[in-house]
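Peer 1: Pasting in a structure now, in structure tokens, and then I'll have a few things to ask.
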Amino acid sequence: MNIRSLLVVSSGVLVASAVLAQSAIKPAQLPPGRVSEALRGVYVTGDPLRLTSENMNTGQRITFVSCPYMRDSDPTPLWFADHDGETYFLRAQQNLSAQVRHPQLKHKVLVEGVISPEPRVGNGVVLNPLRLSVLPEVDVTCDRLLPADGSHIDNPKRPPGPGVDGGAREAGAERNRQNAARLWAVDYQPDPVAREVKAFEIPFDFDGGIGAYQAYGQVVTAVKYARDVQASKVEIIGHRASVLLSNGQTLVERAGVEKDRAATVTTIFNDYPFAPGVVVTRWESTPRKADGGADFDQRTATVIVTPGPLKP
């Protein structure tokens, strides 16, 4: 059953919050030790799941901007951030296979997450699911590096370094290369698909003009569909958005980010042999409004593919 409530934040602003009867996401119960990066759908503490509209109501939501900091730990460093007198554990250091990107020193981070009921890590409340957006402006005050204090996670998921998953990663990379070569071919043979006007939403981090997690693959999925339906038109639309913070303030993305997003997606499409005039680009400069719900879903570029005449 859905329950609608109004929360009064410290600034006196009323913020609508949808609280759904969803169970909290608990970490997998695994023996201590390293976990393969191939287990992408398995949540272990330190490797949060990506916050989505489907899982955003599994606990109390929190959204804030703060300087992240790193604490040394074995087997991998840990990232934290402080907000309103509380410390939050963001994630463990990992490679780029993670769903949730790492913070970056000398940059503030936008934290959008759900408070997890699991035990604290270090002195930090665990956030899962989570999104982290590294803000582009340099902030030299965000430079804290702390020594080890015994804090650690039990199941590191692919710590930095070559690791033992290298063979599987290389096999996947080779498959990607073969698929890309086929898709680049001028004489590409389309796969049979339902021919309809179809829209793809390409995600971006807050204030980011370069795609977020898995964004490149989603653009390539749109490219493949456009080639399969011999598209007569591919319209790419960049959007600008905003986010409602837990303190009641609204944070608006920088002017021009919508143009950067459209350009990023267009550049990828232009790598493929579409006829001149098929790919068209525009952007919308008015920020999409935030409501404290799935504000992260507003940070996109939209790709609309219109099928062309069926060719023999």
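Peer 1: Semi-axes, largest first, in whole Å: what does sqrt of 5 times each Cα gyration tensor eigenvalue give for segment 78-132?
Peer 2: Details: eigenvalues 57, 36, 22 Å².
Ellipsoid semi-axes (Å, largest first): 17, 13, 10.
Peer 1: Which of D143, D228, D291 has the fewest other C-beta atoms within 10 Å, and how do the rest follow up to the most?
Peer 2: On the way: D143 11, D228 19, D291 16.
Ascending number of Cβ neighbours within 10 Å: D143, D291, D228.
Peer 1: By its C-alpha gyration tensor, with a ≥ b ≥ c as the square roots of the eigenvalues, how is segment 188-306 shaped: rounded for a/c under 1.5, else prolate for a/b larger than b/c, else oblate? Can you show the working numbers first?
Peer 2: Working: a/c = 2.58, a/b = 2.15, b/c = 1.20.
In terms of gyration-tensor shape, prolate.
Peer 1: Let me ask you something else. Quick one: compute the contact order of segment 192-263, relative version, from alpha carbon pairs under 8 angstrom and 6+ residues apart, as a percent. Spell out each step's value before the answer.
Peer 2: Values: 65 pairs, mean separation 22.8, N = 72.
Contact order relative to length: 32 percent.
Peer 1: A further question follows. If you place +1 on the Cβ of every Lys and Arg and -1 on the Cβ of every Asp and Glu, how big does the dipole about the Cα centre of the chain come out, in debye to the nearest 20?
Peer 2: Values: 34 positive and 34 negative charges, 131 e Å.
Charge dipole of the chain: 620 debye, to the nearest 20.
Peer 1: Something else: Which residue, F269, G292, G256, has the largest displacement toward the positive end of the dipole of segment 188-306 when charges sit on each Cβ (Lys, Arg +1; Asp, Glu -1)?
Peer 2: F269
Peer 1: Kindly write out, for segment 293-303 in residue order, the coupling ³J(HN,Hα) from the Karplus curve 6.51 cos²θ - 1.76 cosθ + 1.60 (θ = phi - 60°), rounded to whole Hz, with x marking Gly and Pro.
Peer 2: x, 8, 4, 5, 6, 7, 8, 9, 10, 9, 10
Peer 1: Pull up the DSSP beta bridges for the chain and report the antiparallel fraction as a percent, rounded to 5. Working shown, then result.
Peer 2: Details: 47 of 58 bridges.
Beta bridges within the chain, antiparallel portion: roughly 80 percent.
Peer 1: Please list, ordered by chain and number, the residues whose modelled amide H lies under 5 Å from the amide H of L146; skip anything fewer than 5 residues away on the same chain.
Peer 2: Placed amide hydrogens put M70, R71, D72 under 5 Å from L146.
Peer 1: Which whole-angstrom value gives the distance between the alpha carbon centres of segment 206-264 and segment 287-312?
Peer 2: The two parts, judged by their Cα centres, are 8 Å apart.
Peer 1: Calculate the dipole size of segment 48-200 relative to its Cα centre from +1 charges on Lys and Arg beta carbons and -1 charges on Asp and Glu beta carbons; express the result in debye to the nearest 20.
Peer 2: Values: 18 positive and 19 negative charges, 79 e Å.
Charge dipole, segment 48-200, about its Cα centre: 380 debye, nearest 20.
Peer 1: Another question, if that's okay. Please identify the GluC sites (Glu not before Pro) of segment 180-262 that satisfy two criteria: DSSP loop assignment and at most 11 other Cβ atoms within 10 Å. Which are they?
Peer 2: Numbers: sites: E196, E201, E235, E253, E258; in loops: E196, E253.
Loop-located and lightly packed - E196.
Peer 1: OK, next. With N set to the residue count of segment 114-263, report its C-alpha Rg divided by 2.2 N^0.38 Å to two decimal places. Walk me through the numbers on the way to the answer.
Peer 2: Details: Rg = 21.0 Å, N = 150, 2.2 N^0.38 = 14.8 Å.
Cα-based Rg divided by the globular estimate yields 1.42.
Peer 1: Now for a separate question. By count of other Cβ within 10 Å, fewest leading, how are T141, T302, T87 ordered?
Peer 2: Working: T141 8, T302 18, T87 15.
Taking fewest neighbouring Cβ atoms as first place, the list is T141, T87, T302.
Peer 1: Just need the relative contact order of the chain here, percent rounded to a whole number, with Cα pairs under 8 Å and 6+ apart.
Peer 2: Across the chain, relative contact order equals 18 percent.
Where a number appears in this text, it was derived from the coordinates with a stated rule and is not lab data. As the structure is a computational prediction, the values presented were derived from the model and not from experiment. Ideal geometry is used to build each Cβ from the backbone, glycine not excepted, and the neighbour counts take in all protein chains shown.
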